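Written below as structure tokens is the structure these notes are about.
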Amino acid sequence: MVLLTGGLGYIGSHTAVELLKAGYEVVIIDNLSNSKEIVKEKIEQISGKKVKFYKGDVRDYELLEKIVKENEIDSIMHFAGYKAVGESVKEPLKYYDNNIFSTLALIRLMQEHKIKNLVFSSSATVYGRAESMPIYEDFPVSATNPYGRTKLFIEEILKDMYVADNSLNIAILRYFNPIGAHESGLIGEDPNGIPNNLMPYITKVATGKLEKLSIFGNDYNTKDGTGVRDYIHVCDLALGHVKALKKLETNSGLVVYNLGTGTGYSVLEMVNTFNEVCGNKVKFVFAPRRDGDVDMCYASPEKAERELGFKATHTLKQMCESSYNFEMKNKE
Ligand code: NAD
Ligand code: UFG
């Protein structure tokens, strides 16, 4: 049985679907700080299987103990955490408290209940300003904001835990830019308020909820001057988690993988592809660069392909179509 922390969120919910499809049983803990309880039913609707849900905080150790007593948990996937870079600069304590303490509680739980397998949601943000592209897993790591620092610290904590007890199996997954939604349109990314990230912003412009997109910078050293990122379909990313779990089940020890496609697309390419899909509804203007942004960021996906047999298969058009489909179905 796999415990998913933050399993009702964007990436967790898609991963729950893939785990159920692969035959795993799934238990979710989520405090609903950035998700809704109805997502549990949507996961069940898509998969045709039941999911056990505990509403609560991962930092609540008593609740964690109750969950392991009531379920035979042998693996944990830790998605729960806050993820808004800008907010983390304004409210660092909130980020350190949630992201670090939730992880410490889980590690303690693993120690006390002899749970050996952990998959952790890290981020390409740990590469900071990489010196060259594509980015390989052995590139130097650094952080430029409190959010990124929590990911970096947690990676270090997990490495220390592994040194102290190498019977643990830990997969650190560094996600590039997840976008898209499940083909059913039942689950997807549904941020509160005005989105910070590109794809949710574009979809809200396409459906008329926001007026126009500001493209942050058109003077970067890239193919068309706009920022380049490695966008990966969230269902591909979810499958990467199933593959990582299977790797842990072979007693892999601590492993680190990029989950990306290896292809970088510019903001303009994103807008143009989305406009093909939705019929030219995305208006945009060029605006100054956003603080802290890098010009380019894309993965080498080779290690994950070689060692996990993982390869993202969705095209950029499919990613845009699924994002648009989700937004259209959930406009209200
Ligand atoms: P999300 O906000 O949609 O999901 C996180 C879930 O965790 C939410 O449902 C939220 O309610 C829950 N949660 C937060 N703190 C909790 C706590 N203390 N106890 C219980 N539940 C809690 O985010 P997501 O996009 O699905 O991201 C999942 C993970 O992946 C995060 O750790 C994030 O930092 C990481 N990540 C995301 C991206 C991205 O672009 N989405 C990129 C790199 C890494
Ligand atoms: N962008 C715009 N306008 C917008 C929003 C974004 O032009 O309104 C541009 C950005 O400047 C960047 C690209 O679109 O060039 C992608 O921006 P996102 O905010 O969607 O994604 P980032 O690459 O900046 O950051 C994301 C997550 C981070 C994570 C990082 C690496 O938000 O948490 O990917 O995984 F660390």
- Add +1 for every Lys or Arg and -1 for every Asp or Glu among the other residues with Cβ under 12 Å from the Cβ of T261, and state the total. -2
- Using Cα pairs closer than 8 Å and at least 6 residues apart in sequence, work out the relative contact order for the chain, in percent. 19
- Euclidean distance between Cα centres, region 18-84 to region 279-332, Å: 26
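Kirkwood hydrodynamic radius, computed over distinct alpha-carbon pairs, for region 206-245: how many Å, to one decimal?
Values: mean 1/r = 0.0746 Å⁻¹.
By the Kirkwood definition, the hydrodynamic radius is 13.4 Å.
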- Task: Per residue of region 62-74, in order, report the coupling 6.51 cos²θ - 1.76 cosθ + 1.60 (Karplus, θ = phi - 60°) as ³J(HN,Hα) in whole Hz, putting x for Gly and Pro.
- Result: 4, 5, 4, 5, 4, 5, 6, 6, 8, 9, 8, 7, 10
- Query: Do you know the relative contact order of region 95-237, to the nearest whole percent, from alpha carbon pairs under 8 angstrom that are 6+ apart?
  - Reply: 23
- Note on the structure: Given backbone amide H placed at 1.01 Å from N, residues whose amide H is under 5 Å from that of I179, ignoring those fewer than 5 places away on the same chain, are I232, H233, V234
- Message: Can you return the aspartates and glutamates within cross-link range of K243? Criterion is Cα-Cα under 14 Å, with same-chain partners fewer than 8 residues away left out.
- Response: E18, E305, E307
- Message: Could you work out the relative contact order of region 1-144? I mean the mean sequence separation of Cα pairs under 8 Å and 6+ apart, divided by the number of residues, in percent.
- Response: 23
- Note on the structure: So for region 25-113, using the alpha carbon gyration tensor with a ≥ b ≥ c as root eigenvalues (a/c under 1.5 gives rounded; past that, a/b versus b/c decides prolate or oblate), I'd call it oblate
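For the chain, what is the calculated [θ] at 222 nm in deg cm²/dmol (nearest 500), taking -39500 (n - 2.57) for each run of four or more DSSP H residues and dividing by its residue count?
-12000 deg cm²/dmol
Which loop-located GluC sites (Glu not before Pro) does region 1-92 contain, where loop means any DSSP state but H, G, I, E or B and the Cβ has at most 10 other Cβ atoms within 10 Å?
Working: sites: E18, E25, E37, E41, E44, E62, E65, E70, E72, E87; in loops: E25, E37, E72.
Filter output for region 1-92: E72.
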- Note on the structure: In terms of the charge dipole of the chain, which places +1 on Lys and Arg and -1 on Asp and Glu at the beta carbon, the residue among F284, V68, V119 farthest towards the positive end is F284
- Message: If I fit a long axis through the Cα atoms of helix 316-329 and take the longest principal axis of the Cα atoms of the chain, what angle between them do I get, 0 to 90°, rounded to 10?
- Response: 80
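So if R0 is 41 Å, what FRET efficiency would K90 and T250 give, r being the distance between their Cβ atoms, rounded to the nearest 0.05?
According to the calculation, E is roughly 0.45.
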- Projected onto the charge dipole of the chain (+1 at Lys/Arg Cβ, -1 at Asp/Glu Cβ, origin at the Cα centre), which of Y324, V255, L158 gives the Cα projection farthest towards the positive end? Y324
- Note on the structure: For the chain, the longest principal axis of the Cα atoms and the Cα long axis of helix 10-21 enclose an angle in degrees, to the nearest 10, of 60
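Just so you know, all these numbers are worked out from the coordinates, no wet-lab data involved. Quick caveat, the model's predicted, so the values are computed rather than measured. Ideal geometry is used to build each Cβ from the backbone, glycine not excepted, and the neighbour counts take in all protein chains shown.
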